[in-house]
Amino acid sequence: MDFKFINDIIPLYVEAGKLTFRIASIGIAGSVIVGFLCSLIRYYKIPVLNRIAGIYVELSRNTPLLIQLFFLYFGLPKLGIMLSSESCAVWGLIFLGGSYMSEAFRSGLEAVPNIQTESGLSIGLTNFQVIRYIIMPQAVTISVPAFLANIIFLIKETSVFSAVALADLMYVSKDLIGLYYKTDEALFVLVVSYAVILLPISIVFTIAERKLRYAGFGN
């Protein structure tokens, strides 16, 4: 292991890590919004929108992110729509992540007994108040494990962004290996880079989940 080489390439990984984290953050934020809206649409079975959301979820979950990125980066220009590498990465992650987040949130919503909704309405609460004060606190807590797993999954999926010429962590690793043939060193720093990003997120969400359950929202 050439530690001098590792020390020299660390700045490259730092910059690539910042880009990866920024794209992942934007993509995950968008995924949460899309997933939350889709989960409500499917939970309340809103006509027409429910079918559209169902088709979207099935299409997204059953096609690889790499194929979705290829369509955005290479396919859309054929239709006259040009997107940058970063835009393709963000929209690809939102498209994929939204479906997974939708299922995570929907499972939490469906885990709340219907009797609680009926009880809330019977005491004069509006539908919005029932959702806000009764359903959501429980549903969100129930969804936390799947939500965390999806975030980690989506961050790891950023490793395919190099396919659309985005200079992320994987792109830098492949570039260094091709230039210097330092495979072990490049992959070692790559693994450490992803660990640095993922471990704090995992720890924070685990602590948050325990606190929520201790507070009684998960019961």
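Derivation of every value follows stated rules applied to the coordinates shown; laboratory data play no part. As the structure is a prediction and not an experimental result, all values here were calculated from the model. Cβ: placed from backbone, ideal geometry, glycine included. Neighbour counts: every protein chain shown.
Please give the contour-minus-distance gain from Ser202 to Thr183: 0.36 nm per residue of separation, less the Cα-Cα distance, rounded to one decimal in nm. Present the calculation step by step, with values, prior to reporting the outcome.
Values: separation 19, 0.36 × 19 = 6.84 nm, distance 2.79 nm.
That works out to 4.0 nm of additional length.
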Fill in the blank from the handout: Label model pair Ile10, Glu58: point-to-point distance (7 angstrom along the Cα→beta-carbon line) in nm is 5.1
Exercise for the section: Consider the candidate values (i) 74; (ii) 62; (iii) 53; state which one is percent of Cα pairs over 21 Å apart computed from the structure displayed. Expected result: (ii)
Practice task
Using the number of other C-beta atoms within 10 angstrom as an exposure proxy, rank Asp184, Asp168, Asp175 with the fewest first.
Solution key: Asp184, Asp175, Asp168
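Give the calculated FRET efficiency between Phe153 and Ile123 to the nearest 0.05, with a Förster radius of 41 Å applied to their Cβ-Cβ distance.
0.55
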Handout entry: Separation of the Leu66 and Leu79 label points, Cα + 7 Å toward Cβ, nm
Key = 2.3
